[in-house]
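Just so you know, all these numbers are worked out from the coordinates, no wet-lab data involved. The model shown is predicted, which means the values in this text are computed figures rather than measured ones. Positions of Cβ are generated from backbone atoms using ideal geometry, with glycine treated the same way; all protein chains shown enter the neighbour counts.
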Amino acid sequence: MFKFFENLVDPYVEYEEKNEPPIEIWPFLREYARPFHRVFVLAAILSVVVAAIEVGLIYYMGRVVDLLSGTPEQVWADHGTELILVALFILFLRPALQFMDVLVLNNTILPNFGTLIRWRAHKHVLRQSVGWFENDFAGRIANRIMQTPPAAGEVIFQIFDAISFSLAYMIGAAVLLMAADPRLLLPLLIWFTLYALLIRWTVRRVGPASQAASDARSTVTGRVVDAYTNIHSVKMFAHHDLELSYAKAAIQHSRATLQTEMRIYTIMDVVLVILNGLLIVGVVGWALLLWMQGTASVGTVAAATALTLRLNAMTGWIMWALTTFFRELGVVAEGMETIAQPIKLVDADKAETLRLTEGGIMLSGLTHHYGRKSGGLEAIDLKIAPGEKIGLVGRSGAGKSTLVKLLLRFYDPEGGNILIDGQNIGQVTQDSLRRNIGMVQQDSSLLHRSVRDNILYGRPKATDEEVIAAAKQAQAHQFILDLTDPQGRSGYDAQVGERGVKLSGGQRQRITLARVILKNAPILLLDEATSALDSEVEAAIQDTLYDMMEGKTVIAIAHRLSTIAQMDRILVLDGGRIVEDGSHDALLSSGGLYSEFWARQSGGFLQTEAAE
């Protein structure tokens, strides 16, 4: 039975991905709730039925009190069958209906609705551009991905478990009192009006307060995760106290927002107790007065008393459910600031797969300043022949990394075009573009997985033999065999830690090289590929790099000029423009900027800051 209800909705069902999801909260939730429509209808019906049964039981208890006015023999003779049927209903049918209500809420809606939102939100965020991630804390993004689904699930849960139940119960209570004596309805209506005003007052304040508290918690998470991620820098600069102070400011702000939220709940609780006192005195007192006047039976007084005491117990739960509902709506609204942001870097309509035949690259009028007036690239024109090896040299900020990011389409250029084998990369799918480009970065961060998984990231379907061959070519096989982790895993199964923190810079770089070797893409981008290696390993890796370059179109960024001296051509970037273009020997003999860089080298490193 559990499996049946748990599988009524598939949270991974296919859906139409939208680049611009709804930015208002109810359309946002409706979009996610499409697979649950039938289940929601069932949940609403069951909630109303359960509420009706509860009110009916109170009504029947009043009837039982009235029946007791006769002798036991007479009561049993006249109403015995009725009492037995009601008892059977209470013992069997009522639990069955409530069990089904709980199954739909707890086993169908809650696990699957949260899973669906988390899955789709993560899928949407992964489609965002690199630039989008560079503008936010990874910790805050992750926190919103994690806290929004349970908050949305709680919203739906409260709608069916509390709000629809309580509305049905209130209506049932009004019908019951009116049936007993229409005059009993008056104190209930007065109380309900005051209760609705209290709800309105609370809700209008809880929503913004809870959203502010949720945002403050996300900020705390972002700052704490930022410190943990960069723990080496924190320790190296002895900034333990600085990080504590930085986190404390966010923690204190989070505390202040929570205090504001809790004050609302305290006021709500005190006023609610006063209102419930008025309800009990009003309804029960009036029922007693009617009994004294001979216009109401003892059963009516008993039913009215039971009903008001039940409402007294329920009102706190209903109010808490409503405030929880709006508080969690605030959390969802805060999460939407991340997971409902539009995807701005998208594949063109009817984008085709990149058909890479030779690997020729052409840049025409390529301009990109990251939305600023300076920095980046300015009107770059460049043609790279298939299989040609290009070295990029320039001062920091000259535009080298920008060129590589544009080639990978991490950003769309503000002007100009990039063509690969005559195809505009803006008109092909991003995945097909990047599958044809291998990249070794200066920051050789790894995934917090095993060595094998990290190398397989280059080509997930590769065999173990191919993985080992790539590791050997990258001079990584021997040290991998010596690796162990705290869980006792060793060799290629050893975990490397977050961003590969358990490995040295050189070890990380060699695993990164093995990953790119395994990928074997026809276009190769190298951004300081040997920067983390010592001289001995670098000398061995140089041969590997030259083997990797064979038959590929290569663009290599280097400050260590010796690593690119054998390239077919070397481009010197300065101020976002190509100022020199030629072979190593030709550029040295021209006496330009490249020859100055070469002359100012110390141990093979480019003294760009001194030159500047």
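Summarised as an ellipsoid, the range 436-533 has semi-axes of 20, 15, 11 Å, derived from the eigenvalues of the Cα gyration tensor scaled by 5 and square-rooted, with the largest first.
Averaged over all directions, how much area does the convex hull of the C-alpha atoms of the range 120-169 cover when projected, in nm²? List each step's numbers first, then the result.
On the way: hull surface 16.5 nm².
Averaging across all directions leaves 4.1 nm² for the Cα convex hull.
In this structure, the amide hydrogen of K344, modeled 1.01 Å from its nitrogen in the peptide plane, lies closer than 5 angstrom to those of S129, counting only residues at least 5 positions away or on a different chain.
Helical runs assigned H by DSSP (4 residues or longer) give the chain a calculated mean residue ellipticity at 222 nm of -19500 deg cm²/dmol, each run adding -39500 (n - 2.57) before division by the residue total.
Mind checking the range 22-78 for GluC sites (Glu not before Pro) that DSSP puts in a loop (not H, G, I, E or B) and that have at most 15 other Cβ atoms within 10 Å? When the GluC sites (Glu not before Pro) of the range 22-78 are filtered for loop state and at most 15 Cβ neighbours within 10 Å, E24 remain. Summary value for the chain: 14 percent relative contact order, contacts being C-alpha pairs under 8 angstrom separated by 6+ residues.
Taking each residue as 0.36 nm, the span from Y15 to I53 lengthens on full extension beyond its C-alpha to C-alpha distance by 9.8 nm. Any idea what log10 I(q)/I(0) is at q = 0.14, 0.22 Å⁻¹ for the range 176-303, Debye with uniform C-alpha scatterers and no solvent? With no solvent term, the Cα-only Debye profile gives -0.75, -1.13. DSSP beta bridges confined to the chain are antiparallel in about 50 percent of cases. Once the chain from R255 to D241 is taken as fully extended at 0.36 nm per residue, the excess over their C-alpha distance is 3.0 nm. Taking trypsin sites (Lys or Arg not before Pro) as exposed when DSSP calls them loop and at most 10 other C-beta atoms lie within 10 angstrom, the chain has its longest site-free stretch at 1-349. Pairs exceeding 19 Å between alpha-carbon atoms, taken from K18/K350; K18/K405; K461/K519; K235/K502; K344/K400: K18/K405; K344/K400. Find how many whole Å separate the alpha carbon centroid of the range 123-173 from the alpha carbon centroid of the range 28-104. A separation of 32 Å, based on Cα centres. Across the range 86-211 the C-alpha pair distances fall into 5 Å bins from zero in the proportions 2, 8, 10, 13, 13, 13, 13, 9, 7, 5, 3, 2, 1, 0 percent.
Can you tell me the length gained on complete extension of the stretch T429 to T193, counting 0.36 nm per residue apart and subtracting the Cα distance?
79.1 nm
Could you let me know the centre-to-centre spacing of the range 456-524 and the range 321-342, using Cα atoms, in angstrom? The two parts, judged by their Cα centres, are 41 Å apart.
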